[in-house]
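Encoded as structure tokens, the structure appears first; notes follow it.
The values are calculated or read from the model by the stated rules, or taken from the named source; none is laboratory data. As the structure is a prediction and not an experimental result, all values here were calculated from the model. Here the Cβ positions follow ideal geometry from the backbone for every residue, glycine too, while neighbour counts run over all protein chains shown. Accessible surface is based on the protein model in full, side chains and every heavy atom, while ligands, DNA and RNA are left aside. Shrake-Rupley method; radii C 1.70, N 1.55, O 1.52, S 1.80 Å.
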Amino acid sequence: DSLNLFNFSVNGWLGRWPDNKEQLNRKYSATGALLDEFQQSAATTAPSKGVDLNLGYTRKFKKPGEELYLMAQVNRSADDFNYNSLQTRAERIIVYREINNNRTNNTEWTFQGDYILPLNKSGKHALESGIKAIVRSGGTVYDVQESGESDPNNTIPNPSRSDTFDYSQDVLAAYSQVKLKWNSGWALHAGGRMEGTFLEGKQRTLGTSFKNDFWNFVPSATLFKKLNAYNNLTLSYTKRISRPSLWNLNPNANSQDPNNISVGNPSLRPEEVNQTEFTYALQTDHDRFLNFSLFARKTNNAMERIVKLGENGVATSMMQNLASNSQYGVNFSTAFNVL
């Protein structure tokens with residue numbers, strides 16, 4: 001009816017991302033003498049599939065602008081990353097073979113409730129509040145097989161590089177925002193969100209585990225000024241939390257290229273991004289649009305990829321929280337009809 005609305009949706013996806021590589025490796029001494037030469041080939045398959053189920057309910061009240069929104073969502077996905085790597089010498093003689101099968105499954109539940117309370121009869125002033133919970137659980141099983149020096153054609157399991165990594169990430173948040181709008185053309189949106197993140201992971205075979213719990217306060221504010229029917233100014237400040245993905249946490253080592261290995265870091269923490277932006281926008285009746293903005297952005301606890309070179313000459317890269325960085329920029333865009 002006019003006061004109650006239900007919505008339900010289903011989304012699914014399916015993909016497969018093959019990637020084959022050929023690489024010639026040569027090592028030289030400081031004097032330029034050739035020390036080693038071999039051919040490296042890797043065949044990669046990365047099948048992916050998943051489904052989203054969404055259920056929402058909106059309740060409108062007799063008071064203009066008063067509204068309640070409830071939502072539940074479940075997401076299930078499976079993302080694999082498998083490769084078959086081969087090293088050969090002259091005349092394609094096999095010297096080493098490696099098979100790495102990485103199977104990842106994720107389940108994510110989201111529950112959210114929002115309520116809009118008008119602060120005046122016109123509904124121009126309102127208080128929006130809500131709560132949200134995200135419960136993520138996943139795991140990855142990785143099995144590595146390697147060939148030995150005596151029989152490079154056949155592979156045998158390597159228990160030291162095979163394991164099951166269980167991972168969970170839960171997020172609880174409560175937020176509120178006030179929206180004020182005046183007849184003079186000014187408007188203000190300001191609020192904040194208190195957010196708790198709870199991370200936990202464990203490698204079953206090795207018995208290693210980690211646990212990170214932290215809280216973040218995320219403020220935001222936007223000031224609007226409507227100069228006239230076509231020109232608008234906006235000044236905003238936002239803070240955003242960027243959490244590491246499961247692939248960045250996965251301790252399974254990717255050794256397709258034996259001289260350049262990448263591995264996940266289970267102890268990664270989220271980034272904090274603070275951004276201030278000033279925007280001028282022009283929109284005319286003749287479908288002409290212009291947008292010009294200046295922004296400043298600072299990232300704390302930034303996740304950077306660090307490369308370490310071992311004594312054997314092998315480079316290992318891993319994401320780490322090591323830095324903060326600042327960015328400043330200008331954005332300009334326009335659109336208009338040629339005819």
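Key figures
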| item | result |
| --- | --- |
| At q = 0.20 Å⁻¹, base-10 log of I(q)/I(0) for the stretch 1-146 (Debye sum, equal scatterers on each alpha carbon) | -1.16 |
| Overall Cα dimensions of the stretch 66-151, principal axis frame, Å, largest first | 84, 22, 13 |
| Rounded accessible area of F224 (nearest 10 Å², 1.4 Å probe) | 70 |
| Two-site FRET efficiency, S324 against K211, from Cβ-Cβ distance with R₀ of 30 Å, rounded to 0.05 | 0.75 |
| Inter-label distance, nm, simple model (7 Å from Cα along the C-beta direction), W247/V314 | 2.3 |
| Mean separation of Cα contacts under 8 Å, 6 or more apart, over the residue count of the chain: relative contact order % | 9 |
| Protein accessible area in the stretch 293-339, 1.4 Å probe - carbon and sulfur % | 56 |
| Mean accessible surface per residue for the chain, computed with a 1.4 Å probe while every protein chain stays in place, in Å² | 59 |
| Candidates D19, D287, D166, ranked by Gaussian network fluctuation over the chain, Cα under 10 Å, top entry | D287 |
| Difference of contour (0.36 nm per residue) and Cα-Cα distance, E200 to F61 | 45.9 nm |
| Candidates S41, S29, S160: whichever shows maximal mean-square fluctuation once the chain is modelled as a Gaussian network with Cα springs under 10 Å | S29 |
| Contour excess over end-to-end distance, with Cα ends at Y280 and S9 and 0.36 nm allotted per residue | 93.9 nm |
| Extended-chain gain in nm, criterion 0.36 nm per residue less alpha-carbon gap, N183 and D52 | 42.9 nm |
| Solvent-accessible area of E277 with every protein chain in place, 1.4 Å probe, in Å² to the nearest 10 | 40 |
| Spin-label proximity, R92 to the stretch 122-158 - amide N less than 16 Å from point 7 Å beyond Cα toward beta carbon | 153 |
| Choice from T110, T88, T299 showing the highest fluctuation, given a GNM over the chain with Cα pairs closer than 10 Å | T88 |
| Solvent exposure ordering (accessible area, 1.4 Å, most first) of M318, M194 | M194, M318 |
| For the stretch 188-339, Kirkwood radius (reciprocal of mean inverse C-alpha pair distance, Å) | 19.3 |
| Cα centroid separation, the stretch 11-31 to the stretch 182-202 (Å) | 41 |
| Global size of the chain as Cα Rg and Dmax, reported in angstrom | 26.8, 85 |
| Proximal lysines relative to K211, as straight alpha-carbon distance under 21 Å, when same-chain residues fewer than 8 apart are discounted | K202 |
| Hull volume in cubic angstrom per residue (convex hull over the Cα atoms of the stretch 172-240) | 101 |
